[in-house]
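Working notes for the structure below.
The values are calculated or read from the model by the stated rules, or taken from the named source; none is laboratory data. All of these numbers come straight from a predicted model, not from anything done at the bench. All Cβ positions, glycine included, derive from the backbone under ideal geometry; neighbour counts span all protein chains shown.
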Amino acid sequence: MRYLVLVSILWSFSFGIIKYGLSELDPFFISYARNLIALVFFTSISIYQFKKFQWDIKLVFIGAIQFGLMYVFYIQSYQYLPAYLIATFTITTPIFISIADKYFFKNLITLKDALAIFLVIIASYLMRYNVTNPVEYWYGFLLIQCANFVFAWGQVWFKQWNSEHPNTDIISNFSQLFLGATIVTSSVYLSVSGSIIELTDTNLLALLFLGLFSTGIGFLLWNIGATKVNSYRLAVSNNLVIPIAIINSVLIFGESISLLLFLPGIILFYIAYRIT
């Protein structure tokens, strides 16, 4: 569980960094660059630990879905929504994890688990406030739901893969996930845009931080953490980043917040965590 908490704190900074540090860049380029940086990093580890490397096409497909398609939808949503709403709209990820869990593991949701997921969704929804342009609002919301769906399925699929390969070293083989992700995001970027990007020092630092830490190390620790908890605690943990990201948006990036809605959300989130 500590892996999931640590990564949630790390990821909470990403929303504001993308919104305010990379807003002028092509979103498809951002998706591609983050995965490419992570791929280079983990490829060096795979080469160094080559004796532990085992080619598995499933890992490529998992990465293409969990990190590739997710970023295509997720980064694009920043054109339509503020950072706090993007964080909040990840509230449906637990539902998609539960659906994927039943598909892969044939598990049934208990009443306690269903209640925990329900409380998390209500808590996260309470943290939403203000109204944006209705068209952009719903388009951004749809993009985030697509991102939530593929991210959830990728997590559970990796969890299933790990249960079938308990002796395979995750770190030495994690480059394969980013290979799949980079293939997807580079294909989308080159086919849709492909324009030459000029990066400022701020852009470059933001991309390096996001690619190496948020994407690379973050996804590694998150997927390792996912293998150590049950699927329902994983579902609840997916929304841990929401209150932290909102706090960062207020304290670091200057967005406003309503404590009247935020505090009850925090309380419900804690209750949901305790009953899982």
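Any residue at all in segment 159-167 that is outside any helix (DSSP H, G or I), of a type in the set (Phe, Trp, Tyr), under 19 Å from Leu234 (Cβ atoms) and at pLDDT 90 or above?
Checking segment 159-167: not a single residue is outside any helix (DSSP H, G or I), of a type in the set (Phe, Trp, Tyr), under 19 Å from Leu234 (Cβ atoms) and at pLDDT 90 or above.
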Legend entry - Single match in Phe104, Phe41, Phe118 (criterion: surrounded by fewer than 24 Cβ atoms within 10 Å (Cβ to Cβ), among the aromatic types (Phe, Trp, Tyr) and within 17 Å of Ser175 (Cβ to Cβ)): Phe41
Inset, instruction - Would you mind stating whether Ala33 is modelled with pLDDT of 90 or more, of a type in the set (A, V, I, L, M, F, W, C) and crowded, with 23+ Cβ neighbours inside 10 Å? - result: yes
Inset, instruction - Any residue in segment 3-26 that's closer than 16 Å to Leu81 by Cβ: show its pairings with residues that are modelled with pLDDT under 80 and small (Gly, Ala, Ser) at Cβ separation under 6 Å, as long as the two are six or more apart or on different chains. - result: Phe15/Ala83; Phe15/Ala87; Phe15/Ala245; Gly16/Ala83; Gly16/Ser249; Lys19/Ala83
Inset, instruction - Considering only segment 17-31, state which residues are assigned to a helix (DSSP H, G or I) and over 15 Å from the mean Cα position of the chain (by Cα). - result: Lys19, Tyr20, Gly21, Pro27, Phe28, Phe29
Inset, instruction - Return yes or no: is Tyr84 in contact (Cβ under 8 Å) with a residue 12 or more places away in the chain, part of a helix (DSSP H, G or I) and surrounded by fewer than 21 Cβ atoms within 10 Å (Cβ to Cβ)? - result: no
Inset, instruction - Select from segment 17-30 the residues that are surrounded by fewer than 21 Cβ atoms within 10 Å (Cβ to Cβ) and not charged (D, E, K, R) and list them in ascending order. - result: Ile17, Tyr20, Gly21, Ser23, Leu25
Inset, instruction - Please state which of the following conditions Leu142 fails to meet, knowing it meets all the rest: (1) in contact (Cβ under 8 Å) with a residue 40 or more places away in the chain; (2) assigned to a helix (DSSP H, G or I). - result: (1)
Inset, instruction - State yes or no: is Ser14 assigned to a helix (DSSP H, G or I) and hydroxyl-bearing (Ser, Thr, Tyr)? - result: yes
Inset, instruction - Search segment 154-168 for residues that are at negative phi and polar (S, T, N, Q) and pair each with any residue that is in a loop (DSSP other than H, G, I, E, B) and surrounded by 16 or more Cβ atoms within 10 Å (Cβ to Cβ) when their beta-carbon atoms are under 6 Å apart and the residues are at least 6 apart or on different chains. - result: Asn162/Thr227
Inset, instruction - Please determine, by comparing only the residues of segment 44-64 that are of a type in the set (D, E, K, R) and part of a helix (DSSP H, G or I), which one is surrounded by the most Cβ atoms within 10 Å (Cβ to Cβ). - result: Lys58
Legend entry - Test set (1) within 24 Å of Phe13 (Cα to Cα); (2) modelled with pLDDT of 75 or more; (3) out of contact with any Pro (no Cβ under 6 Å at 6 or more places or on another chain); (4) not hydroxyl-bearing (Ser, Thr, Tyr) - Asn130 fails condition number: (2)
